[in-house]
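Notes for the one structure printed next.
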Amino acid sequence: MTIPETLIDVAALAALPAGAVQVVDCRFDLADSEAGARAYRAGHIPGAVYANLDRDLSDLSRTAQGLGRHPLPSAAAFRATLQRWDWRPGLPVVAYDGHAGAIGAARLWWMLHSIGQPAAVLDGGWQAWVAAGLPQAIGDAPDAIAVDAAAASGQDFDAAALVDTDALRRHLAAGSVALIDARAPERYRGEVEPIDRVGGHIPGAGNRPYVQNLQADGRFKPAAQLRAEWLAVLGAATPASVVHSCGSGVSACHNLLAMEHAGLRGSRLYAPSWSGWISDPRRPVAKG
């Protein structure tokens, strides 16, 4: 089964035969880590499993290593999570989120593509599914499947798709990257900071809030519009020189997804993002 590489609409997903894809509900609230699971139990796409950003798409035990608030898990741990969902290699995944704009779903999409697996994000997410009058299921997620440790091994996350802190500092000093921060403008400027201990942004970063990728109904803007807007942001920079950042490496994936959907391929992720950058108080902070 072939699915789009970036976005899929609700009609296309609903038309797929049962079992053709693994659907994953990624709804999550930073202020209430169990809100997404409650929303899933109250109603979800039939057959979907639930992914908790903290437990399934991150490894919070690594926060002390300067990797930010939502450190990526190891690729082996991620594959084990996929196995618990009864996923098998090569099975396409469709991830969906709430109306806020596919933040967790974009993170899962990036993780899957980075280990060479097909995935797409449901355009408009859960709200689009409900608005279309499509079937809903209620109740808890299916029981987890036992993990085969050997099968959980395999390709690591694509190192070429990531930039670590040391490399980012070198690139910024050399002027060889265009760093784009996906957070809200007031957080980027350092006027407010509701989550991290320091406000501001990484010196040299520009700002493209991820919500600017969306239309009022929560769907992504058309690819041609996104392309024009992103080219205006990039100026002389090439897509391959772009590095995406945010607060903890999650909404940055939304900007990366938008660029890929617009045909601007090859940008990279700074997964530690702002929360990882400020883990060392000696690193400079910019405001304004």
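Taken together, the values in this text are just the output of simple stated rules run on the coordinates, not laboratory data. From a predicted model like this one, the values you see are computed outputs, not experimental measurements. Cβ sites come from the backbone with ideal geometry, for glycine too, and all protein chains shown count toward neighbours.
Tabulated values for the structure
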quantity: Helix-only CD estimate at 222 nm, as mean residue ellipticity for the chain, using -39500 (n - 2.57) per DSSP H run (n ≥ 4); calculated: -8000 deg cm²/dmol
quantity: Nearest 10 degrees, 0 to 90: helix 75-84 Cα axis against the chain principal axis; calculated: 20 degrees
quantity: Shape of region 7-131, Cα gyration tensor, a/c cut at 1.5; calculated: oblate
quantity: Helix axis angle, 103-114 relative to the chain longest principal axis, alpha carbon, degrees; calculated: 90 degrees
quantity: Residue of 76, 132, 106 that the Gaussian network model of the chain assigns the largest fluctuation, springs spanning Cα pairs under 10 Å; calculated: 132
quantity: Per-selection metrics, the chain (Cα): Rg and Dmax in Å; calculated: 18.2, 54
quantity: Rg and Dmax [Cα atoms of region 91-225; Å; Rg one decimal, Dmax integer]; calculated: 18.7, 53
quantity: Mean separation of Cα contacts under 8 Å (6+ apart) over length of the chain, as relative contact order %; calculated: 22 percent
quantity: Inter-part distance where region 233-279 and region 1-24 are each reduced to a Cα centre, Å; calculated: 25 Å
quantity: Simple spin-label estimate for residue 265 and residue 31 in nanometres, 7 Å along Cα-Cβ; calculated: 4.0 nm
quantity: Relative exposure of 78, 157, 28, judged by other C-beta atoms within 10 Å (fewest first); calculated: 157, 78, 28
quantity: Ranked 93, 211, criterion: other C-beta atoms within 10 Å, fewest first; calculated: 211, 93
quantity: Rounded if a/c under 1.5, otherwise prolate or oblate - region 149-261, Cα gyration tensor axes; calculated: rounded
quantity: Nonlocal amide H pairs with residue 119, under 5 Å, H built at 1.01 Å; calculated: 93
quantity: Fewest-first sequence of 274, 230 by Cβ atoms within 10 Å of each Cβ; calculated: 230, 274
quantity: Value of D in µm² per second that Stokes-Einstein yields for region 45-92, Kirkwood Rh from Cα pairs, at 4 °C (1.567 mPa s); calculated: 110 µm²/s
quantity: Cα→Cβ-extended label distance, 7 Å offset, between residue 161 and residue 195, nm; calculated: 2.1 nm
quantity: Euclidean distance of C-alpha centroids, region 155-187 and region 114-146, integer Å; calculated: 30 Å
quantity: Overall form of region 89-145 per C-alpha gyration tensor (a/c, 1.5; a/b vs b/c); calculated: oblate
